[in-house]
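Chemist: My questions all concern the structure below.
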Amino acid sequence: MLGQSAAFSGPAAQLGIQMNRGARIYFDSVNAAGGINGHTIELRTLDDGYEPVRCKANTEQFIKSNAFALFGYVGTPTCVAALPLVTDAKIPFFGPFTGAEALRAPFNRSVFHVRASYFDETALLVRQLTNLGLDKIAVFYQNDAYGKAGLEGVNRALKAKNLAPIALGTVERNTVDVARAVKDIVPQMPEAVVQISAYKSCAAFIREARKAGYGGTFFNVSFVGTQALADELGRESRGIMISQVMPFPFSTTSAISREYLDAVHRAGPDAQPNYSSMEGYLAAKVFVEGLRRAGQSPTRDSLVAGLESIQNASFGGFNVNFGPKDHVASRFVDLSMLTEDGRVRT
């Protein structure tokens with residue numbers, strides 16, 4: 001049994017729902033084919049509403065229920081709350097939906113990341129902006145571990161170019177109270193705003209900033225929830241830029257995208273392709289390979305060893321490279337743009 005604590009209700013619900021949906025599509029296909037070494041995979045979920053206290057309680061419950069591993073947790077503040085329990089229990093913690101450095105350093109033998117870090121994402125965003133000649137950059141960020149991790153990444157990337165943000169604005173987690181942030185940022189006339197928050201608050205800031213006369217560009221990191229942000233903004237989504245750490249999930253340009261789209265189609269009308277679902281699908285695929293390598297009677301230790309043995313491997317064109325001292329599978333980062341009809345372009 002695997003345990004997943006994520007937001008399945010509240011303002012960040014689509015992040016948990018889609019991550020879980022993609023993972024289930026893959027796990028269900030594995031189970032339908034007989035499982036792994038005779039074992040089927042059960043993914044149990046508990047809703048934390050994107051709140052750390054609830055995530056900690058959920059994690060305690062999973063550990064008491066003797067979960068084999070924890071999979072696909074969603075969010076930096078929630079994962080950070082679970083981390084001490086994970087470390088004490090020595091339970092594998094695989095594929096969290098976060099790029100925060102707090103989950104990556106210092107090295108933790110129990111924690112495995114499929115995605116690139118927020119430092120990787122923000123470095124790409126700053127490089128893109130400065131290459132376009134834009135150096136008056138503001139940061140709108142969630143006032144918690146996630147937002148501060150993203151802000152640190154932006155600061156690091158700007159400092160390397162002898163720059164710093166010209167304005168900062170914050171929003172509290174699970175709220176859309178952005179009025180103060182608009183007042184803090186828009187009068188400074190930044191050329192671009194980097195956003196480090198979830199889709200509802202980012203959409204609220206974009207709408208209110210534009211009402212206040214802001215005409216610059218908005219850049220987001222992948223955790224925002226690309227499709228959820230497009231759905232929130234509707235026609236107002238045109239031109240919004242988002243860094244991505246997963247393969248493009250809407251076309252058949254790569255083998256993993258073709259496989260994923262076929263699986264989504266077979267899953268029925270409730271399943272729709274998007275980046276968050278792709279992340280769940282790909283995390284499940286990599287986890288299953290580690291489980292396959294863990295042997296006929298897998299233990300937590302043999303699962304860790306199995307995952308660490310996945311080195312220089314291609315999963316349909318998505319390269320994965322773990323090792324005994326490196327539990328970050330990929331540092332792939334790309335950039336996408338939303339169109340006014342809610343589509344995503346690369």
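Chemist: May I ask you to give the solvent-accessible area per residue for the range 1-158, in square angstrom, as obtained with a 1.4 angstrom probe?
Modeler: 36 Å²
Chemist: Now for a separate question. For the range 32-91, which trypsin sites (Lys or Arg not before Pro) are both in a DSSP coil and crowded by at most 15 other Cβ atoms within 10 Å?
Modeler: Lys90
Chemist: Further question on the same structure: Would you mind checking the tilt of helix 76-89 against the longest principal axis of the Cα atoms of the chain, expressed as 0 to 90 degrees and rounded to 10?
Modeler: It works out to around 30 degrees.
Chemist: Something else: Using the structure shown, list the pairs from Lys161/Lys211; Lys200/Lys325; Lys161/Lys183; Lys64/Lys325; Lys64/Lys285 with a Cα-Cα distance above 30 Å, or answer none.
Modeler: Correct reply: Lys161/Lys211; Lys200/Lys325.
Chemist: Projected onto the charge dipole of the chain (+1 at Lys/Arg Cβ, -1 at Asp/Glu Cβ, origin at the Cα centre), which of Cys79, Leu134, Gly317 gives the Cα projection farthest towards the positive end?
Modeler: Sorting the options by dipole projection puts first Leu134.
Chemist: If each Cα of the range 47-172 is one equal point scatterer, what is log10 of I(q)/I(0) from the Debye formula at q = 0.09, 0.12, 0.18 Å⁻¹?
Modeler: Values, matching the q order: -0.30, -0.51, -0.93.
Chemist: Compute, for the range 35-190, the length of the dipole vector about the Cα centre, with Cβ point charges of +1 (Lys, Arg) and -1 (Asp, Glu) only. Units Debye, rounded to 20.
Modeler: It works out to roughly 360 debye.
Chemist: Find which of Thr175, Ala7, Thr253 sits farthest along the positive direction of the dipole of the chain, computed with +1 on the beta-carbon of Lys and Arg, -1 on that of Asp and Glu, about the Cα centre.
Modeler: Among Thr175, Ala7, Thr253, the one farthest towards the positive end of the dipole of the chain is Thr253.
Chemist: At 0.36 nm per residue, minus the direct Cα-Cα distance, what do Leu261 and Asn37 gain on full extension? Give it in nm, one decimal, please.
Modeler: Separation in residues times 0.36 nm, less the Cα-Cα distance, equals 78.0 nm.
Chemist: Could you give the angle, 0 to 90 degrees to the nearest 10, between helix 199-211's Cα long axis and the longest principal axis of the Cα atoms of the chain?
Modeler: So the inclination is approximately 10 degrees.
Chemist: Taking every eigenvalue of the Cα gyration tensor of the chain, multiplying by 5 and rooting it, what semi-axes result, largest first, whole Å?
Modeler: Output for the chain: semi-axes of 33, 21, 19 Å.
Chemist: Filter the trypsin sites (Lys or Arg not before Pro) in the range 247-346 down to the DSSP loop ones having no more than 11 other Cβ atoms within 10 Å, then list what survives.
Modeler: Within the range 247-346, the qualifying trypsin sites (Lys or Arg not before Pro) (loop, at most 11 other Cβ atoms within 10 Å) are Lys325.
Chemist: Restricting to DSSP loop positions (anything but H, G, I, E, B) with no more than 16 other Cβ atoms inside 10 Å of their own Cβ, which GluC sites (Glu not before Pro) remain in the range 41-130?
Modeler: Glu42
Chemist: State in Å² the accessible area per residue of the range 186-338; use a 1.4 Å probe, count heavy atoms of protein chains only, and round to the nearest integer.
Modeler: 39 Å²
Chemist: For the chain, give the share of DSSP beta bridges that are antiparallel, in percent and rounded to the nearest 5; count only bridges with both residues there.
Modeler: Of all bridge pairs located within the chain, approximately 30 percent are antiparallel.
Chemist: Still on this structure, please answer the following. Over the chain, what relative contact order in percent results from Cα pairs under 8 Å that are six or more residues apart?
Modeler: 19 percent.
Chemist: In debye, nearest 20: dipole of the chain around its Cα centre with unit charges on the Cβ of K, R (+) and D, E (-)?
Modeler: In debye, rounded to 20, the chain gives about 340.
Chemist: Considering only C-alpha atoms, what is the centroid distance from the range 152-179 to the range 80-114, in Å?
Modeler: Here the two parts' Cα centres lie 25 Å apart.
Chemist: Where nothing but the Cβ of Lys and Arg (+1) and of Asp and Glu (-1) is charged, how large is the charge dipole of the range 209-279 around its Cα centre, in debye to the nearest 20?
Modeler: Charge dipole of the range 209-279: 320 debye, to the nearest 20.
Chemist: To test your reading of the geometry: what angle, between 0 and 90 degrees and rounded to tens, separates the Cα axis of helix 52-64 from the longest principal axis of the chain?
Modeler: 0 degrees
Chemist: Within a Cβ distance under 11 Å of Tyr118, other residues only, what is the Lys/Arg minus Asp/Glu net charge?
Modeler: Taking every Cβ under 11 Å from that of Tyr118, the sum is 0.
Chemist: Less than 17 Å apart at the alpha-carbon level, and either on another chain or at least 8 residues along: which lysines does that give for Lys159?
Modeler: Answer for Lys159, where 17 Å is the Cα cut-off: Lys136, Lys148, listed by chain and number.
Chemist: Which of the three applies to the range 162-273, rounded, prolate or oblate, going by the alpha-carbon gyration tensor with a ≥ b ≥ c and a/c under 1.5 meaning rounded?
Modeler: prolate
Chemist: Determine the share of the chain's accessible area contributed by carbon and sulfur atoms, expressed in whole percent, with a 1.4 angstrom probe.
Modeler: 48 percent
Chemist: Using just the helices of the chain, give the 222 nm mean residue ellipticity in deg cm²/dmol: DSSP H runs with n ≥ 4 each add -39,500 (n - 2.57), and the total is spread over all residues, rounded to 500.
Modeler: It comes out at -13500 deg cm²/dmol, rounded to the nearest 500.
The values are calculated or read from the model by the stated rules, or taken from the named source; none is laboratory data. Given the structure is predicted, the values throughout are model-derived calculations rather than measurements. In this analysis, Cβ positions are derived from the backbone assuming ideal geometry, glycine residues included, and neighbour counts consider all displayed protein chains. To get the accessible areas, we keep the full protein, side chains included, count just its heavy atoms, and leave off ligands, DNA and RNA. Shrake-Rupley method; radii C 1.70, N 1.55, O 1.52, S 1.80 Å.
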